[in-house]
Amino acid sequence: MSISADLSGRNALITGASSGLGMRFGRILAASGANVALGARRKDRLEALASEIGDTATPITMDVAREADIVAGFDAAEAAFGTVDTVIANAGIDGQGMATEQAEDEIERTLSINLKGAILTAREGAKRMIDAGVPNGRIVMIASITAFEPSPGLVAYSASKAGVVQAARSMAKEWARTGICVNTVSPGYIRTDINNDWFETDAGKRQVKRFPKQRLMGEEGLDPVILMLCSDAAQFITGADFVLDDGQAL
């Protein structure tokens, strides 16, 4: 099924764009007319994706755990396309590990990238949209169904994603009169680079069998909502979370 939206004239910055969902977001936003600044740490992958997309894409090396990188990333995006009016805060790591065994630095790293990084990315985008008088800014933050479902082995990850949902709701209210809409998307389990090894294990296969439809989602399942939330059609949607999980949490 082909999904389209008119994002012509929009300048988007997408974090975590070197693989998985972020890579797909870059492709579908560009295909819908947006200029896309592709942010991540892996420069070679970003350059390959930008080359594939063409002149409407620019690669930006950035680490969302570092505010200086985020600021520099927005500077580079503005130099390429002008004021960023659309942000997808997607960068994240899985932070797997049982709560009694996970090292302190791994918990800290998971929270730093998934939660702190998402907040810093959103607020840097909002600061610039407000300063530039952008009338219809869009910020989409990628959470997870683990924000609501007990997830043994993913305590730090699920906590970070629950934090993203609440942070987005709070920022949506804080910026409600600026024209900026802030929303979250909470995907179910989708096969990506982060979890591919797990779903090849016997335990991972048993997990899929427990889902009502006994399958993993495809990345394309997020396309309609992502495109809508980045478009002018989302003008009356802010502070909302969209659970897209193929019924996995039923």
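The values are calculated or read from the model by the stated rules, or taken from the named source; none is laboratory data. All values derive from a computational prediction rather than experimental measurement. All Cβ positions, even for glycine, are placed from backbone atoms using ideal geometry, and neighbour counts span all protein chains on display. Ligands, DNA and RNA are stripped out before the accessible areas are found, and what is left, the full protein with its side chains, is counted by its heavy atoms. Shrake-Rupley method; radii C 1.70, N 1.55, O 1.52, S 1.80 Å.
For the range 121-137, enumerate the residues that are closer than 20 Å to Thr184 by Cβ and open to solvent by 60 Å² or more (accessible area, probe 1.4 Å).
Arg123, Lys127
Suppose we filter Val165, Val185 for residues that are farther than 20 Å from Ala40 by Cβ, surrounded by 14 or more Cβ atoms within 10 Å (Cβ to Cβ) and hydrophobic (A, V, I, L, M, F, W, C); which single one remains? Don't jump to the end; show me each part of the working.
Details: Val185 fails: farther than 20 Å from Ala40 by Cβ.
Residue meeting the stated conditions: Val165.
If Glu149 passes every condition in (1) part of a helix (DSSP H, G or I); (2) of a type in the set (D, E, K, R); (3) over 15 Å from the mean Cα position of the chain (by Cα) but one, which one does it miss?
(1)
Considering only the range 10-57, state which residues are of a type in the set (Ser, Thr, Tyr) and in contact with a Leu (Cβ under 7 Å, 6 or more places away or on another chain).
Ser18, Ser32
Sort out which residues of the range 53-97 are assigned to a loop (DSSP other than H, G, I, E, B) and in contact with a strand residue (DSSP E or B) (Cβ under 6 Å, 6 or more places away or on another chain), and write them in order of number. Steps first, please.
Here is the first cut: in the range 53-97, the ones assigned to a loop (DSSP other than H, G, I, E, B) are 54-56, 62-66, 82-85, 90-96.
Matches in the range 53-97: Thr56, Met62, Val64, Gly82, Val84, Asp85, Asn90, Ala91.
Please specify each residue of the range 191-238 satisfying the condition of being modelled with pLDDT under 95 and among the hydroxyl-bearing types (Ser, Thr, Tyr).
The answer is Thr192, Thr201.
Residues are listed down the side, and each one gets a yes or a no for (1) within 22 Å of Gly218 (Cα to Cα); (2) in a loop (DSSP other than H, G, I, E, B); (3) in contact (Cβ under 8 Å) with a residue 12 or more places away in the chain:
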position: Ala5; (1), (2), (3): yes, yes, yes
position: Ser8; (1), (2), (3): no, yes, yes
position: Ile28; (1), (2), (3): yes, no, yes
position: Leu38; (1), (2), (3): yes, no, yes
position: Ser51; (1), (2), (3): no, no, no
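Restricting the search to the range 10-24, which residues are assigned to a loop (DSSP other than H, G, I, E, B), polar (S, T, N, Q) and either touching a residue at least 40 places away in the same chain (Cβ under 8 Å) or open to solvent by 20 Å² or more (accessible area, probe 1.4 Å) (or both)?
Here is the first cut: in the range 10-24, the ones assigned to a loop (DSSP other than H, G, I, E, B) are 10, 16-19.
Now narrow it down to the ones that are polar (S, T, N, Q): 18-19.
Selection gives Ser19 alone.
Would you pick out the residues in the range 50-68 that are open to solvent by less than 20 Å² (accessible area, probe 1.4 Å) and out of contact with any helix residue (DSSP H, G or I) (no Cβ under 6 Å at 6 or more places or on another chain)?
First pass over the range 50-68, keeping only residues open to solvent by less than 20 Å² (accessible area, probe 1.4 Å): 50, 57, 60, 62, 64.
Within the range 50-68, Ala50 is the sole residue that qualifies.
Is the range 98-120 home to any residue that is open to solvent by 20 Å² or more (accessible area, probe 1.4 Å), hydroxyl-bearing (Ser, Thr, Tyr) and in a loop (DSSP other than H, G, I, E, B)?
Step one: of the range 98-120, the residues open to solvent by 20 Å² or more (accessible area, probe 1.4 Å) are 98-109, 111-112, 115-116, 119-120.
Then keep just the ones that are hydroxyl-bearing (Ser, Thr, Tyr); that gives 100, 112.
Of the ones still in play, those that are also in a loop (DSSP other than H, G, I, E, B) are 100.
Yes, some residue in the range 98-120 is open to solvent by 20 Å² or more (accessible area, probe 1.4 Å), hydroxyl-bearing (Ser, Thr, Tyr) and in a loop (DSSP other than H, G, I, E, B).
Among the residues of the range 69-97 satisfying the criterion of being modelled with pLDDT of 95 or more and of a type in the set (D, E, K, R), which is least open to solvent (accessible area, probe 1.4 Å)?
Quick first cut of the range 69-97, residues modelled with pLDDT of 95 or more only: 69-91.
So of that shortlist, the ones also of a type in the set (D, E, K, R) come out as 69, 75, 78, 85.
Values: Asp69: 39, Asp75: 77, Glu78: 60, Asp85: 21 Å².
Step by step, filter the range 69-97, then rank; the result is Asp85.
A quick yes/no check of all residues on (1) open to solvent by 40 Å² or more (accessible area, probe 1.4 Å); (2) more than 19 Å from Ile145 (Cα to Cα); (3) in contact with a Phe, Trp or Tyr (Cβ under 8 Å, 6 or more places away or on another chain):
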{"site": "Ala159", "(1), (2), (3)": "yes, no, no"}
{"site": "Arg169", "(1), (2), (3)": "yes, no, no"}
{"site": "Ala172", "(1), (2), (3)": "no, yes, no"}
{"site": "Asp202", "(1), (2), (3)": "yes, yes, no"}
{"site": "Arg210", "(1), (2), (3)": "yes, no, no"}
{"site": "Met228", "(1), (2), (3)": "yes, yes, no"}
{"site": "Gln248", "(1), (2), (3)": "no, no, yes"}
